[in-house]
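The values are calculated or read from the model by the stated rules, or taken from the named source; none is laboratory data. Everything numeric in this text was worked out from a predicted model, so none of it was measured. Reconstructed Cβ throughout: ideal geometry from the backbone, glycine too, with neighbour counts over all protein chains shown.
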Amino acid sequence: MSIEVKDLTRVYGEQKAIDQISFSVSRGEIVGFLGPNGAGKSTTMKILTGCLKPSQGQAFLNGIDVQVHPIQTKKITGYLPESNPLYTDMYIREYLSFISDIHKLPSKKEKINTAIDQVGLRPEAGKKISQLSKGYKQRVGLAAALIHSPEVLILDEPTTGLDPNQIVEIRDVIKNYGKNRTVLFSSHILQEVEAICDRVIIIHQGKIIADKNLVELRKDQKGKFIKVILKEAVTADLFQGLDQLRGISKASDYEWELEAADPELLKKQLLSLSLQNNWNIVSLQSENRSLEDIFRGLTKTTTHE
């Protein structure tokens, strides 16, 4: 495994930012690392890159313990942190030359040109970093993460500040890079995760609550949600007697989404209820869930003591 995390815990005072989490990512995988703000994503990434020590547990990159051999693991890791710290008084090429020197790269000029072209910095390559827009500053950070061709790429909100066209370009960079490397990245733009990843890890309140292939994750949720549209306005309490009902959300007084223990039984119960109350059902159908719907459902309803 290129990334392996075993029972990782990090405590700040009395708060556990992450609580005994374990997962692995193989070479050739691009994995989305998702969670609400404060869930533990950035803390985990900082530990993986050697920027933060865990309170307990271990992290390995290509089988190398990050805490035991921090320099060795940094050599094979590219990291774009959420804050994207840059020396803004430097020119782009000057900054990338500085990063190249840290990695002691041969053919430095060639590596810089490759990184500039890789992230689409060529139009701005002669500027100081302070003169760049937020989106182009983000590209400089990504170029610095890629310049030494790392085997493991860890990206914390890599598309922050990018416009829609730039997002597509950076998405392609990540997809191409991840074909024979290992990529772990976090994003709040779930459409990007769906476009780039085959697998997601969802963390909430410091614990991993889902680690699945996207197809499997959707399959788990498929058919569990029913959308019902009525001709008459109704209130939520009229649904509460249905024993197959596990959750309810309202789009309007006429349109409701119901979570079912057994979708087919719930449909039958709804039809029976409509006859008893003289409701006219306009539409009754199972709903496919988007990643955003699944994410909201998991992180809203899951709690840990």
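Search region 2-34 for residues being assigned to a loop (DSSP other than H, G, I, E, B) and on the phi > 0 side of the Ramachandran plot, and hand back the single one that is farthest from the chain's Cα centre (by Cα). For region 2-34, the residue satisfying everything is Gly13. The set of residues from region 71-105 being within 28 Å of Arg27 (Cα to Cα), modelled with pLDDT of 95 or more and hydroxyl-bearing (Ser, Thr, Tyr) comprises Thr73, Thr77, Tyr79, Ser100.
Would you check if there is a residue in region 88-106 being assigned to a loop (DSSP other than H, G, I, E, B), in contact with a Gly (Cβ under 7 Å, 6 or more places away or on another chain) and more than 19 Å from Leu52 (Cα to Cα)? Within region 88-106, not a single residue is assigned to a loop (DSSP other than H, G, I, E, B), in contact with a Gly (Cβ under 7 Å, 6 or more places away or on another chain) and more than 19 Å from Leu52 (Cα to Cα). Scanning region 133-160 for residues that are over 11 Å from Gly78 (Cβ atoms) and either modelled with pLDDT of 95 or more or in a helix (DSSP H, G or I) (or both) yields Lys134, Gly135, Tyr136, Lys137, Gln138, Arg139, Val140.
Of all residues in region 44-72, those satisfying the criterion of being crowded, with 20+ Cβ neighbours inside 10 Å and free of Cβ contacts under 8 Å to residues at least 60 places away in the same chain are Lys46, Ile47, Pro54, Ala59, Phe60, Val66. Does Glu216 qualify as being in a helix (DSSP H, G or I), farther than 29 Å from Gln15 by Cβ and touching a helix residue (DSSP H, G or I) at 6+ places or on another chain (Cβ under 6 Å)? Judged against the criteria, Glu216 is not a match.
A quick yes/no check of all residues on (1) touching a Phe, Trp or Tyr at 6+ places or on another chain (Cβ under 6 Å); (2) among the aromatic types (Phe, Trp, Tyr); (3) farther than 23 Å from Thr299 by Cβ; (4) not assigned by TED's automatic domain parsing to the domain that holds Leu8:
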{"site": "Arg27", "(1), (2), (3), (4)": "no, no, yes, no"}
{"site": "Phe33", "(1), (2), (3), (4)": "no, yes, no, no"}
{"site": "Leu48", "(1), (2), (3), (4)": "no, no, no, no"}
{"site": "Gln67", "(1), (2), (3), (4)": "no, no, yes, no"}
{"site": "Ile71", "(1), (2), (3), (4)": "no, no, yes, no"}
{"site": "Lys75", "(1), (2), (3), (4)": "no, no, yes, no"}
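For region 158-179, the condition of being touching a strand residue (DSSP E or B) at 6+ places or on another chain (Cβ under 7 Å), in contact (Cβ under 8 Å) with a residue 12 or more places away in the chain and over 24 Å from Ser24 (Cβ atoms) holds for none of the residues. Name the single residue, out of those in region 107-132 being assigned to a helix (DSSP H, G or I) and touching a Leu at 6+ places or on another chain (Cβ under 8 Å), that is farthest from Gln72 (Cα to Cα). Applying the filter and picking the extreme gives Glu124. Of everything in region 259-293, what is under 30 Å from Arg199 (Cα atoms) and in contact with a Leu (Cβ under 6 Å, 6 or more places away or on another chain)? Give them in sequence order. Across region 259-293, the qualifying residues are Ala260, Leu291, Glu292.
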